Amino acid sequence: MRNFKISLKGRIKNFSLPENKSLMPLFEAVVNSLQAIEERKRTTSFNGKIYIKIDREETLSDEILGRIEDITVIDNGIGFNESNFNSFMESDSEYKEKLGGKGVGRFSWLKAFEKVKIHSNYEQNGEYRCRDFDFSLNSGGIEDAYSVSEDKENQTVIKLCSFKEKYRKNAPKEIETIAIKLIQHCFVYLLEKDCPGIELADNKGSSILINDLFRTKVILEDGVDAFTIEQKEFTLTKFRVDNAIISAHKIYLCANNRLVETKDLSKLIVNLDSVLDAEKPFWFLGVVTADYLDENVDMNRLSFTIPESVDDGMCPVVTITKIIEAVTQLIEKHLSSFLTPIAEKKKKRIADYITARAPQYRHILKYMPEQLDNIKPGISDDKLDVVLYQLDRDFELATKKEGAELVEQLKNDVTQLETYKSKFQEHIARISDENKSILAKYVAHRKSIIDLFEIGMQKQNDDSYVREKFMHNLIYPMSSTSDDIGYEQHNLWLVDERLAYFFFASSDIPFNNDRGEDRPDIMLFDNSIALLEAQNDGTAYDTVVIFELKKPMRNDLTTNNPVEQIIRYMTKIQTNTVTDKNGRIIRTDGHTKFYLYVVCDMLDKYKSELADLNNFDETIDRLGMFRMKDNVYIEVLTYDKIINDAKKRNKILFDKLGI
């Protein structure tokens with residue numbers, strides 16, 4: 001019979017060690033030391049100690065922290081006696097199976113380091129012996145030899161030499177960070193009252209006592225929760241942890257006293273969004289242990305061989321999802337005194353935001369409270385608005401689907417008429433609330449436009465005023481016609497509600513579609529009611545409206561008279577020679593009525609000129625001038641008049657909406 005052989009190079013090549021797990025070889029060495037101390041304590045009483053030293057690269061300045069070159073781990077455990085040495089020499093050894101050992105941890109050493117130097121002074125059969133050897137891919141083997149030692153103290157030294165570049169560049173350099181990651185990995189070991197003392201130091205003189213750091217930063221919560229999943233027993237131990245150890249609320253899934261997987265609690269409990277307790281802030285940590293987890297950790301202890309989930313809900317299988325759901329419920333119950341006020345504060349904040357700033361979403365408060373509960377408490381206003389918009393879309397789609405299903409059910413079963421009548425009443429109520437929200441959304445839009453228009457009238461930070469095109473685009477988008485944009489994309493209602501219903505509109509489109517021609521700011525055309533079916537069918541327009549906009553506070557109106565400019569546009573149209581964007585004649589006749597509007601900020605000098613030379617009269621509110629002769633009405637509007645009139649017309653809507 002021939003025994004199986006193992007290729008060390010092949011074993012290392014196939015050993016999985018992600019680059020972001022660069023400290024795993026250190027963790028494996030420390031756990032080996034913890035187990036060696038535990039093994040020795042079975043036969044004798046002593047204080048277990050582990051000393052870890054980080055040797056760094058030399059740098060040009062002492063202020064620059066060098067990267068890790070070597071790591072040395074020293075312990076006073078059982079040492080490399082015959083049993084442990086034989087286990088070391090056997091791949092996938094079962095010697096430490098009861099302690100959770102997989103017999104492969106040392107392979108991580110050669111995955112990330114060039115070689116390992118091992119010195120062990122131990123007691124065997126009443127005498128002290130010493131074993132020294134190198135462990136590397138280049139060595140032909142390991143000499144099975146020892147010598148009698150004069151040293152009567154147990155000591156094993158594992159030196160991981162020459163960190164490989166792809167792992168070294170991903171390893172933390174700061175000793176504090178290394179200490180924290182070591183605590184995270186060995187969290188369960190550190191909970192034991194007789195946990196060996198662990199000291200971490202580097203060759204720059206820095207030193208940290210891991211046990212002291214753990215005791216000052218981690219507080220055990222009251223009680224340990226036991227729970228069962230598919231007849232498998234699990235234990236949840238709860239902790240309050242300083243943010244020096246972890247930076248968020250976490251769940252640790254552990255196997256054989258070692259961290260294997262981490263879950264972010266903040267993603268599982270929506271209101272667990274920041275540190276808890278204003279007076280003594282802390283992160284919450286739940287540590288899950290179980291024999292089942294010990295038995296189902298993978299060979300490299302980087303994950304579990306437990307399925308994440310199963311499609312068949314009736315399948316009696318333990319899954320990671322089931323474990324996390326059970327743990328989350330226990331933690332949520334435990335933290336209820338913290339979570340309830342956070343949830344109430346969030347609920348009020350969302351309700352206040354909708355009431356004051358987004359009333360178009362009021363129906364969501366009534367019909368989608370569970371979806372609102374899933375919003376993070378610290379969400380910004382901008383992101384909250386995005387979430388509410390999406391919920392509004394979901395509500396609209398769900399309402400349409402519900403309506404279609406009710407109609408279909410009624411078709412198939414007329415015997416349940418009274419039941420469906422009740423359902424339809426509920427459905428109609430949902431639609432009514434949705435329609436109210438649509439109206440509220442439009443009114444809120446008007447409020448925003450008025451606010452923007454008012455901002456555009458004011459002096460900017462650089463003591464200048466906005467350009468004319470800013471105000472132009474607010475009223476009607478430039479370089480567009482009513483064929484290009486929808487009703488809600490323009491704001492002609494700012495000037496007059498009736499303008500929104502004109503037959504055809506063009507904005508900043510030159511006559512004859514020629515860039516060399518005059519370019520009225522805004523033109524509106526309308527026919528008689530009988531002819532509204534046809535667009536520019538060759539008949540004369542019944543009404544033509546022309547707007548000329550000037551920059552706020554422009555002060556050269558007497559030399560660049562906008563009234564003369566807009567009359568020139570009218571005169572050109574009256575010749576029946578200019579065409580619209582589509583190349584059709586803009587036709588008028590003696591019955592066509594012209595409404596000409598100049599929007600500007602009038603200075604007193606220009607106001608006098610309009611009255612004295614152009615026979616204009618002042619409007620009742622004294623914020624504008626007008627003149628009417630035959631079929632031509634001309635009005636000069638100030639920005640103040642537009643904004644004041646728009647506010648007055650919409651005030652009742654804003655008041656009803658509470659904005």
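The values are calculated or read from the model by the stated rules, or taken from the named source; none is laboratory data. Keep in mind that this is a model prediction, so the values were computed, not measured. Quick reminder, even Gly has a Cβ in these numbers, built from the backbone with ideal geometry, and neighbours come from all protein chains shown.
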Discussion item. I'd like the residue in segment 430-486 that is closer than 19 Å to S506 by Cβ and surrounded by fewer than 16 Cβ atoms within 10 Å (Cβ to Cβ) and, out of all such residues, is modelled with the lowest pLDDT.
Written reply: G486
Worksheet, complete the sentence: If we ask which residues in segment 125-169 are polar (S, T, N, Q) and closer than 24 Å to I37 by Cα, their number turns out to be 6
Worksheet item: Pairs, please: C-beta under 6 Å, at least 6 apart or cross-chain, first residue on the phi > 0 side of the Ramachandran plot and in segment 574-597, second assigned to a loop (DSSP other than H, G, I, E, B) and surrounded by 12 or more Cβ atoms within 10 Å (Cβ to Cβ)?
Response: N576/R587
Item to complete: Answer with yes or no whether F227 is in contact (Cβ under 8 Å) with a residue 40 or more places away in the chain, within 34 Å of the chain's Cα centre (by Cα) and outside the structural domain of F107 (by TED's automatic domain parsing).
Response: yes
Worksheet item: Out of A201, A255, A248, A278, which single residue is surrounded by fewer than 16 Cβ atoms within 10 Å (Cβ to Cβ) and among the small types (G, A, S)?
Response: A278
Practice prompt. Of all residues in segment 26-70, count the ones that are aliphatic (A, V, I, L, M) and assigned to a loop (DSSP other than H, G, I, E, B).
Written response: 3
Worksheet entry | Per-region count, segment 549-577, residues modelled with pLDDT under 90 and over 23 Å from W493 (Cα atoms) | 8
Worksheet item: What are the residues in segment 208-245 that are hydroxyl-bearing (S, T, Y) and crowded, with 17+ Cβ neighbours inside 10 Å, if any?
Response: T237
Fill in: Looking only at segment 344-355, and only at residues there that are out of contact with any Leu (no Cβ under 8 Å at 6 or more places or on another chain) and under 13 Å from I379 (Cα atoms), the one that is surrounded by the most Cβ atoms within 10 Å (Cβ to Cβ)
K346
Worksheet entry | Single residue of segment 366-384 satisfying the filter (of a type outside the set (G, A, S), within 24 Å of S266 (Cα to Cα) and loosely packed, with under 15 Cβ neighbours inside 10 Å) that is modelled with the lowest pLDDT | P369
